[in-house]
Structures are given as structure tokens and as C-alpha cells.
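The values are calculated or read from the model by the stated rules, or taken from the named source; none is laboratory data. Because the structure is a prediction, the values reported are computed rather than measured. Heads up, the Cβs are rebuilt from the backbone with ideal geometry, glycines too, and the neighbour counts pull from every protein chain shown. For the accessible areas, the whole protein counts, side chains as well, though only heavy atoms, and no ligand, DNA or RNA atoms are used. Shrake-Rupley method; radii C 1.70, N 1.55, O 1.52, S 1.80 Å.
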Amino acid sequence: MTKYVIHGGKPLYGAVEISGAKNAAVAILPAALLVNGVCRIENIPQISDVTLILNILQELGADVKTINRTTVEIDCSHIRNARVPDALARKIRASYYLIGALLGRFGSAEVPPPGGCDFGGRGRPIDQHIKGFTAMGADVDVNGGIIHAVARSGHLMGTTVYMDIVSVGATMNLMLAGTLAEGTTIIENAAKEPHIVDLANFLNSMGASIMGAGTDVIKIRGVSRLSGGSYSIIPDQIEAGTYMAAVTATGGELLIKNVIPKHLECIAAKIAEMGAEVEEMDDAVLVRRTGKLTRTNVKTLPYPGFPTDMQPQVAACLCLAEGTSVLTEGVWDNRYRYVDEFRRMGAQIQVDGKVAIIEGVPYLTGASVEAPDLRAGAALVIAGLAAHGTTEVSQIRFIERGYEDIVRKLSGIGADIRVVVTPDEAKSAQVG
Ligand code: EPZ
């Protein structure tokens, strides 16, 4: 088994550089399928979800060239295959973007249902994606465990789609589907996350005509073709927020570089309520925490509300804050699967449906814990960094789906964290 072993109780000091945004990259890379020419994409995070998507694109027939650590050139001009390989796609949630992109480009797509972290009581539904594709003239059904989508007239037709719920994935998928569709697609009640604006900027820089991204009505005028170009992905709001939460929990002073401070305002506001000081700079934020942490209430909401992807990390801070905090999950049905692991470390949390009541304790104690998903895994790392004693976090593959070089980055700011591979796994890794 591969674990992180953390000797906690050390404040974090120094500077950390934030990578490109995972949730933008996992949509922008499939968007290259719509482009007839070479897309140069910069500031790509080196994480396993990105590697999987690049492998899928290659298996579909794309020419993928690695230019340097954070830059790739993708040429999808010669792809003729709209069937996504099974084994790879099932490992990531974001494989659903391949449906919108392939359907937009070829008028048909065959994609295995998405995998990834599951925190809906009913799995992670994609009914709003399907509703949109259907309204645009596609037949979508699932048989043999594969989602088949076919545009009835050979290509998609623009139309107005009203989203019943605010969905990041459905909004981006319909942007992909609408880019080369005939006529205008209007998405009403669209999500407004920074990665939605980033996807629109990427597609527009390749020749698309998308207006209103970042508001709740997005208008996409279909164009006949996209040609190549160069684009740099925005910094990762959630990775930055995770380091903000880490220094809030451990104390210390951290300069978090290569960020868009505007995207961090909702996170900064909450950690300031807990007692941290946050100084905004042009493309960095400085977070300092010297005094005690105080309780606060947090409710997650779609952007510009407090991000659900920061909920477990902020919970780690609240566990150490004086007083009783109320945490309400406003996006997912079941995003508290980490609570038992926190309890092993001495946290006092009661969960009732979407609400968690956290009674702050003076300190957490190191324990062996298991990451149940990506952000909860990051939260356990934060708890371990702040705890007295040694914490071992297993199932780190979840964490590595979304955090580039987390061990190196944390070690560089004073954390005592290392990766430990037990002999058994090292042996089976060589065999398999
Ligand atoms: C994206 O997931 C992110 N993933 C998630 O981040 C993030 O938690 C989520 O947006 C919300 O911000 C990626 O970008 C790859 P949604 P997505 O559609 O698009 C319900 C992380 O840790 N819903 O906005 O799948 C759904 O059940 C990951 O980086 C439907 O009911 O989320 C949820 O309650 C985890 N029907 C809510 O909407 C649908 O068709 C929001 O989901 C779609 C969603």
C-alpha cells in the first residue's frame, strides 16, 4: 500500500506555486476534439485525471505531443473514431465531456458512463446533460453499459435549454455540444464557475462564438469549424484554497502564488472569519494565521458561493476552531464520508443529512486514516499536518487525481510528509 506519512504539528512557512485548474483541464482537453488543427495548451496540471484524458485522446487517434512539463500540443484533425475506450473512461468523472465533444464533432458518441468520486446518494447523475443533448436533436440511450448518443439529422441543432439544477458538467457539456451545432444554443440557469469561463475562452480563442459565460445565460452561436491556436489554463482555485486551509489549520505564513485572487474571495472570507489574515496581491495571496481559530458557519453553493470542493478542507480547520460551527453541504447529497476518519483523529462532528455540527477541539491526534475521495483526502492531509503525532493517509490515489506534486509542495513549506510504499505493493507494481 502507498501512504502519506505525516508528522504533524509544524506551522507552514514560505511560498507555494499553484498549478493549472484540474476542472478546467478535464474539459479543455476533450474540447480539442472539436478543433481542426493543432491546439497548444499550456499550464496543464500534472495529475492522473489529465494523464487519463490524454491517453483517451491518443486512443481515439489524436496526435498528442508533450512540449514540456505543463504544455501539450494536440491535433485531432485526423480522428474518425467516436467510440471511447472502456477501461480508461470509467476511471474519471469528467469522461462525460467526451460525449459533448464527440457528438458536436461527429454527430455521434459512444462513451462508458463516468466513474470518479461518488457523493450523490443516487450516484452522480447526468440527466441534465442528456436532457440538453436530446433537446439539441440527439437520441441518447444506454445499452451494454455504454452511453450511445446520435444526432438524428447527422449533426446537433441549436436550441434553448433550461437547466433544472445548476450543473457545472452539464453547462460545459452543452457548450461543447453547441460550438459546432447548427444555429444558436442558449443555456439558461447555467453554472458560473471560473472553469466555465475558461472553457468558453479556450473555445472562443479557437474560433467559437460563446457569449455570457460566467453569467447564468450562455449563448453559443454555432460555427462551422474551429482552427488551432494556443491557450493557457487558469490556476486551480481549489488547489489554492486547499493550501489556504492548510496554513489556516497549522498556523504560519504562506504566499500562495500563481492564483486569480478574485476566484478565492469566497474562501478568503471564511478563513478570515476563522481568524486568518489574507492579503490579496496581483497574482498571489498571503495567508497568515498566528492566533486562535474561531468558529464560523459555512454553506456550500454554486459559484460565487463557497465551493463544495473546499468543504472537507474547511471542515479540517473548523475541527480546531473554538466553539461550535455549522457546515451545510448545498451541492451534493452525500459529501461527509470522511467524518469517521476525522473522528479517529479526535474530531467531534455530528452529521444530520446535509448538515454537520462541528465542536472544535484544542488539538487533533495523529491516526491511520483512509482517503474516501479526492477533496476529503486533501482534508485528511491538512488534519494530519495540524495534528499532534503521526498520521498515515492511505488511498492516496484519490488525492493524486487532483493535486500535482502535493508531497513536494508541502515539504517545500515546512511540512514533514513523505510517501511510503510497503514492499508488497512495490513488488506487485513491478509485476503488473
Ligand atoms: C463538477 O462536477 C466538479 N467535477 C466537481 O469537483 C464539483 O464538486 C462539482 O462540479 C460542483 O462544483 C469536475 O469538474 C470534473 P455538477 P459535476 O453537475 O459537473 C446534480 C472535485 O473534487 N446533478 O455541478 O459532476 C449533482 O448530483 C470534483 O474536483 C444532477 O442532478 O457536478 C449535484 O448534486 C468532485 N443531474 C449537483 O447537480 C445532472 O445531470 C451539481 O453537480 C448533473 C448534476
> Pick from P304, P235, P312, P261: which is buried (at least 24 other Cβ atoms within 10 Å of the Cβ), of a type outside the set (A, V, I, L, M, F, W, C) and closer than 20 Å to V197 by Cα?
Replying inline: P235
>> Suppose we filter A170, A191 for residues that are within 13 Å of the ligand (Cβ to nearest atom) and closer than 23 Å to F106 by Cα; which single one remains?
In response: A170
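Matching residues to (1) open to solvent by less than 30 Å² (accessible area, probe 1.4 Å); (2) in contact with a strand residue (DSSP E or B) (Cβ under 9 Å, 6 or more places away or on another chain); (3) among the polar types (S, T, N, Q):
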| residue | (1), (2), (3) |
| --- | --- |
| S325 | yes, yes, yes |
| R337 | no, no, no |
| I357 | no, yes, no |
| S368 | no, yes, yes |
| G377 | yes, yes, no |
| Q395 | no, yes, yes |
| I406 | yes, yes, no |
> Taking R344 and the conditions (1) open to solvent by 60 Å² or more (accessible area, probe 1.4 Å); (2) out of contact with any strand residue (DSSP E or B) (no Cβ under 8 Å at 6 or more places or on another chain), which numbered condition does it fall short on, given that it satisfies the others?
Replying inline: (2)
>> From the list G212, G207, G229, exactly one residue is farther than 23 Å from D75 by Cβ, surrounded by fewer than 21 Cβ atoms within 10 Å (Cβ to Cβ) and small (G, A, S). Which is it?
In response: G212
> Of (1) open to solvent by 50 Å² or more (accessible area, probe 1.4 Å); (2) touching a residue at least 12 places away in the same chain (Cβ under 8 Å); (3) closer than 23 Å to N81 by Cα; (4) not aliphatic (A, V, I, L, M), Y162 satisfies all except one. Which?
Replying inline: (3)
> Of (1) open to solvent by 10 Å² or more (accessible area, probe 1.4 Å); (2) touching a residue at least 40 places away in the same chain (Cβ under 8 Å); (3) within 16 Å of the ligand (Cβ to nearest atom), A240 satisfies all except one. Which?
Replying inline: (1)
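Hey, does the stretch 173-180 have a residue that's open to solvent by 40 Å² or more (accessible area, probe 1.4 Å), closer than 17 Å to L29 by Cα and in contact (Cβ under 8 Å) with a residue 12 or more places away in the chain?
No.
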> Restricting attention to the stretch 110-132, does a residue exist that is open to solvent by 30 Å² or more (accessible area, probe 1.4 Å), away from the ligand (no atom under 13 Å from the Cβ) and not in a strand (DSSP E or B)?
Replying inline: no
> For the stretch 1-107, which fully contained strands (runs of 3 or more DSSP E) count at least 2 residues that are out of contact with any Phe, Trp or Tyr (no Cβ under 7 Å at 6 or more places or on another chain), open to solvent by less than 10 Å² (accessible area, probe 1.4 Å) and more than 20 Å from F202 (Cβ to Cβ)?
Replying inline: 2-7
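Looking only at residues in the stretch 64-79 that are in contact (Cβ under 8 Å) with a residue 24 or more places away in the chain and among the charged types (D, E, K, R), which one is nearest to L226 (Cα to Cα)?
Of everything passing the filter in the stretch 64-79, D75 is nearest to L226 (Cα to Cα).
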> List the pairs whose first member sits in the stretch 183-203 and is at negative phi and of a type in the set (D, E), whose second member is surrounded by fewer than 24 Cβ atoms within 10 Å (Cβ to Cβ) and part of a strand (DSSP E or B), and whose Cβ atoms are under 8 Å apart, counting only residues at least 6 apart or on separate chains?
Replying inline: E188/T160; E188/Y162; E188/V217
> Any idea which of A383, A367, A378, A387 is more than 14 Å from the ligand (Cβ to nearest atom), under 28 Å from I92 (Cα atoms) and in contact with a Ser or Thr (Cβ under 8 Å, 6 or more places away or on another chain)?
Replying inline: A383
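Here is a yes/no grid of residues against (1) touching a Pro at 6+ places or on another chain (Cβ under 8 Å); (2) more than 16 Å from the ligand (Cβ to nearest atom):
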| site | (1), (2) |
| --- | --- |
| K299 | no, no |
| C317 | no, yes |
| L327 | no, no |
| R335 | yes, no |
| D340 | no, yes |
| G346 | no, yes |
| V355 | no, no |
| E359 | no, yes |
| A371 | no, no |
> Which residues, counting only those in the stretch 151-167, are within 15 Å of the ligand (Cβ to nearest atom) and within 17 Å of L226 (Cα to Cα)?
Replying inline: none
>> Restricting to the stretch 268-291, give me the number of residues that are in contact with a strand residue (DSSP E or B) (Cβ under 6 Å, 6 or more places away or on another chain) and surrounded by fewer than 16 Cβ atoms within 10 Å (Cβ to Cβ).
In response: 3
